[in-house]
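All of the numbers you see were taken from the coordinates with simple rules; none came from a lab. Here the structure is a predicted model, which means the values were calculated and not measured. Because the Cβ atoms are built from the backbone with ideal geometry, glycine has one as well, and the counts that use them run over all protein chains shown.
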Amino acid sequence: MSSKEKILYYRLKQKDKEAFIEAYDLFLDNIYRFVFFKVSNKETAEDITSQTFLKTWNYIQNNELTDYKTLRSLLYKVARNLVIDHYRQESRKQELSLDQEDNPITIVDDKQDLLKKMELDGDLKMVAAKMNEIKDEYREVIIMRYVNELSVAEIARILDKNQGNVRVLLYRALKTLRELTEKSGYNPNAPINIKQDVPDKIKIRS
Amino acid sequence: MKEDDILIQLNKLKDIEPDAEWKKRNRELLYSQVSAQADEGARIGWFKVFERQLSIFTLRVSQPAMTVMLIIVFIFGGGILSLRAARDTAPGDSMYIAKILGEKTQYALTFDVKKKAQLGLEFAGNRVKEINKVLTQNESGDKTETVARLKEDFKKELSGVKDRVAKINEEQKISVKDAPAADENKEEVSGQEELSTENTEEGEDVQLFSAAFERDDRGVQVSESEPIPFPAAAGEGDNEPATGTNLLEAEGPATTSEAAANSTSSAEVVEKSAVPNPEEALYQAGELLSQEDYSATLNKLDEAGEAIDQVNKEEGEVLGAEEVVENNTASTTAN
């Protein structure tokens with residue numbers, strides 16, 4: 001945690017709203033990216049990101065920030081739980097079992113698919129597309145570690161796992177992604193299938 | 001695609017960002033919601049704001065300094081507290097080892113021979129007090145062995161002090177030898193004595209009263225001053241002092257009574273210089289301990305301490321006093 005984050009954290013403990021807005025500016029992009037890769041929908045990602053910050057502020061108001069070593073870990077935990085809530089609600093709406101591997105949910109949103117709109121080179125397109133094919137557990141550690149550049153310790157704190165487990169998870173995730181990219185059957189126009197296995201929500205201490 | 005390439009590509013995914021428009025809009029919305037909630041809570045006063053700013057400043061600036069300071073305070077404070085707690089301990093107490101260690105440390109950190117000797121005396125005194133404590137304790141157990149060990153320690157401390165006293169004496173002798181000016185002055189004084197004897201023989205009424213000696217860096221010197229005419233009250237008429245005695249006459253008492261007073265003060269100095277010999281006091285302390293007279297041992301140690309303390313302090317005065325005595329003897333002879 002940088003000294004800037006430490007000061008911000010201290011000010012947030014004092015329920016400083018200005019500090020919270022500074023935290024918003026600091027962490028918004030990372031949280032949005034994390035959520036976006038989990039939901040692959042721009043609007044949903046925006047909604048969940050917005051809710052994440054509001055809910056975090058409520059935690060701060062209720063003096064629950066003291067339970068967390070960093071604000072970042074609290075934000076990721078809140079975002080993760082909101083994504084899980086989102087998928088639970090979706091599953092109720094569609095009345096479909098998400099656990100059925102032979103019947104994955106297909107979310108196609110050509111209008112809002114940011115990845116498709118981005119002018120990416122071939123390799124990047126391939127990696128971005130393959131990210132949606134790997135397990136959600138793998139995807140989130142890859143995003144946290146290699147995209148948002150969180151430390152293993154921070155990831156462990158967010159996922160409530162020990163650091164050894166996180167390292168193993170990262171290794172497997174990267175291996176899976178590499179195997180997928182090595183396969184040549186990549187079709188950039190193919191719809192992105194998200195296999196979302198809904199994990200248990202991480203308990204936020206209160 | 002290699003793993004490194006994958007990692008590079010993954011890093012490029014950082015380019016995914018929310019719309020700037022949405023960011024701005026959401027920021028305003030969030031700010032208004034947060035403000036509304038914050039306003040519901042307690043309002044923060046100026047003092048609170050100042051306190052907060054001060055805390056942030058403290059956090060930013062002095063965090064490492066404070067940590068270092070706390071460590072230092074902890075180490076020194078803990079050490080001092082444990083030494084204080086161990087001060088009145090006796091062998092067998094859990095903190096006794098801390099006391100001994102503290103003594104050793106204090107000893108090691110002292111470089112002045114005289115102070116070391118004083119410390120040795122203090123520690124020897126501690127051993128005597130410990131013996132007293134062990135003997136007065138009601139606990140059953142083999143006290144003899146402990147007392148014997150403490151006596152042994154006492155003797156060690158005492159012999160250390162004796163060595164140091166001998167060293168101090170040696171240094172003192174060397175410093176006296178190194179002052180040739182003092183010898184020269186002695187010769188000058190003896191010359192003056194001869195002159196005064198001659199004058200007396202010539203029948204001149206000259207009285208020598210005193211000479212003021214000053215000791216500077218070069219040693220003892222006779223200070224010359226304006227001749228004081230012999231007072232008529234002496235009953236000798238208008239006798240004028242001989243020019244030859246001018247050198248001997250220094251500022252000082254002009255009457256015999258004052259001379260007597262002067263000689264009394266010199267005696268006091270001599271008395272003062274007759275401080276107990278530290279070596280003798282130490283020897284006596286050892287003897288008293290053997291006789292198991294502990295309070296007398298402590299008193300003797302105190303005496304030895306005072307004697308050591310006066311060795312350097314009185315060095316100059318003692319030497320000066322000796323010269324005064326010599327001079328007084330000379331003046332008496334002259335009379």
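Hey, which of the helices (runs of 4 or more DSSP H) in region A:1-72, taking only ones fully inside, have at least 3 residues that are among the basic types (Lys, Arg)? The helices (runs of 4 or more DSSP H) meeting that bar are A:3-13, A:17-39. Scanning region B:7-26 for residues that are more than 7 Å from chain A (Cβ to nearest Cβ) and farther than 22 Å from A:Leu150 by Cα gives B:Asp19, B:Ala20, B:Glu21, B:Lys24, B:Arg25. Comparison of B:Lys133, B:Lys104, B:Lys114 shows that the only residue that is loosely packed, with under 12 Cβ neighbours inside 10 Å and assigned to a helix (DSSP H, G or I) is B:Lys104. When you check A:Asn62 against the structure, is it closer than 18 Å to A:Tyr9 by Cα, facing chain B (nearest Cβ under 10 Å) and not small (Gly, Ala, Ser), yes or no? Considered against the rule, which asks whether it is closer than 18 Å to A:Tyr9 by Cα, facing chain B (nearest Cβ under 10 Å) and not small (Gly, Ala, Ser), A:Asn62 comes out as no. Scanning region B:274-305 for residues that are in contact (Cβ under 8 Å) with a residue 60 or more places away in the chain, of a type in the set (Gly, Ala, Ser) and closer than 23 Å to B:Val134 by Cα yields B:Ala285, B:Gly286.
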